[in-house]
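The values are calculated or read from the model by the stated rules, or taken from the named source; none is laboratory data. The shown structure was predicted, so the numbers you read here are calculated from the model rather than taken from an experiment. Neighbour counts run over all protein chains shown; Cβ positions are idealised from the backbone, glycine included. These accessible areas exclude ligands, DNA and RNA; they are computed on the full protein's heavy atoms, side chains included. Shrake-Rupley method; radii C 1.70, N 1.55, O 1.52, S 1.80 Å.
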Amino acid sequence: ISARTTNKFIVNSMYSLAQLYEKLGNYTSAVTYYDELLAYYKDDPLGPKAQWRIGICYFNLKEYDSAVLELSDPLIKNLSTSEQHEVNYFLANAFVRLKEYKNALSIYEEILQNDLTPDFKEKVLYSQAWVNFQLGNYEKSFDIFDGINKNYDDSLAVNALFWSGEAKRYLGDTKTANEIFKIFVEKYPSSILASRAQFSMGTIYYTTDNSGDAEKSLLNASVSND
């Protein structure tokens, strides 16, 4: 970069240095070089990518208002379709961190109208379900979490099983919720959510005057580091 007058790959150099800072977790320095690239070479093919990465850096810095601003920049429209989906996913996640759930939900729903890879679709569905849960749309949340658990086989699907139980518990369907939590604890006893499942079972037993089972489940939950 210091050989600016003779370097034929100055834009690539700036972008690469910014990438290195980003990989090192030095997001502030990464933003500095992405910004410099945009200041002088905005029309370069790497310009839209730099704009995208600035938004991600601000997201990682937990400066979510800035992340929303950067990820909403018109330059993003010059990215490929799949890259725009990724940008919109992080944009929605930034809205979630700001507790602007309706904005996030609208973006997730827009993303899901496109042809997505199975793994990416699962991530978006999970986020959509979780936001619906936060908004009190427990029936909708359950349907999505349940679909993830039945159609996928990974750690996200495991978490979806737990949250489907929570959605049923908040709906007042304690019988179904308890059945889900029992299945969860039996199948995934080493999961970090197992103790929470035990706690939820304990609260259900407690509210239904089943003190013996409530005590057992709550004691199991109490040994957690959570």
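Give me the pairs: first residue in the stretch 178-194 and among the acidic types (Asp, Glu), second residue part of a helix (DSSP H, G or I) and crowded, with 20+ Cβ neighbours inside 10 Å, beta-carbon distance under 9 Å, and six or more apart or on different chains, which are they? Close Cβ pairs satisfying both conditions: Glu179/Gly165; Glu179/Lys168. Residues in the stretch 53-67 that are surrounded by fewer than 22 Cβ atoms within 10 Å (Cβ to Cβ), out of contact with any Phe, Trp or Tyr (no Cβ under 7 Å at 6 or more places or on another chain) and assigned to a helix (DSSP H, G or I): Tyr64, Asp65.
Among the residues of the stretch 134-147, the ones that are under 20 Å from Arg97 (Cβ atoms) and open to solvent by 20 Å² or more (accessible area, probe 1.4 Å) come to 4 in all. Starting from the stretch 71-98, take each residue that is open to solvent by 50 Å² or more (accessible area, probe 1.4 Å) and list its partners that are of a type in the set (Asp, Glu), counting only C-beta distances under 8 angstrom and pairs at least six apart or across chains. Here the result reads Leu98/Asp65, each pair linking the stretch 71-98 to a residue that is of a type in the set (Asp, Glu). When the stretch 135-170 is filtered for residues that are over 18 Å from Phe199 (Cβ atoms) and among the aliphatic types (A, V, I, L, M), the ones remaining, listed by number, are Leu135, Ile144, Ile148, Leu156, Ala157, Ala160.
Consider Tyr21 carefully, then state whether it is assigned to a helix (DSSP H, G or I) and surrounded by 20 or more Cβ atoms within 10 Å (Cβ to Cβ). Quick ask: steps written out before the conclusion?
Numbers: assigned to a helix (DSSP H, G or I): yes; surrounded by 20 or more Cβ atoms within 10 Å (Cβ to Cβ): no.
No: the conditions fail for Tyr21.
Is the stretch 38-51 home to any residue that is more than 27 Å from Val124 (Cα to Cα), out of contact with any strand residue (DSSP E or B) (no Cβ under 8 Å at 6 or more places or on another chain), assigned to a helix (DSSP H, G or I) and open to solvent by less than 40 Å² (accessible area, probe 1.4 Å)? Yes, the stretch 38-51 contains a residue that is more than 27 Å from Val124 (Cα to Cα), out of contact with any strand residue (DSSP E or B) (no Cβ under 8 Å at 6 or more places or on another chain), assigned to a helix (DSSP H, G or I) and open to solvent by less than 40 Å² (accessible area, probe 1.4 Å). For the condition among the acidic types (Asp, Glu), surrounded by fewer than 21 Cβ atoms within 10 Å (Cβ to Cβ) and at pLDDT 95 or above, Asp213 does not qualify. Return yes when Asn114 is part of a helix (DSSP H, G or I) and either more than 26 Å from Gly165 (Cβ to Cβ) or modelled with pLDDT of 95 or more (or both) and no when it is not. Considered against the rule, which asks whether it is part of a helix (DSSP H, G or I) and either more than 26 Å from Gly165 (Cβ to Cβ) or modelled with pLDDT of 95 or more (or both), Asn114 comes out as no. The residue list Leu156, Leu125 contains one member that is open to solvent by 10 Å² or more (accessible area, probe 1.4 Å), in a helix (DSSP H, G or I) and touching a Lys or Arg at 6+ places or on another chain (Cβ under 8 Å), which is Leu156. Is it the case, given these coordinates, that Ala30 is in contact with a Cys (Cβ under 6 Å, 6 or more places away or on another chain) and either crowded, with 16+ Cβ neighbours inside 10 Å or part of a helix (DSSP H, G or I) (or both)? Criteria met by Ala30. For Ser16, the test of being within 16 Å of Glu83 (Cα to Cα), open to solvent by 40 Å² or more (accessible area, probe 1.4 Å) and either touching a residue at least 12 places away in the same chain (Cβ under 8 Å) or not hydrophobic (A, V, I, L, M, F, W, C) (or both) is failed. Within this structure, Gly202 passes the test of being crowded, with 19+ Cβ neighbours inside 10 Å and either over 16 Å from Val158 (Cα atoms) or charged (D, E, K, R) (or both). Every residue in the stretch 60-70 that is among the charged types (D, E, K, R) and without any contact (Cβ under 8 Å) to a residue 24 or more places away in the chain, please. Result: Glu63, Glu70.
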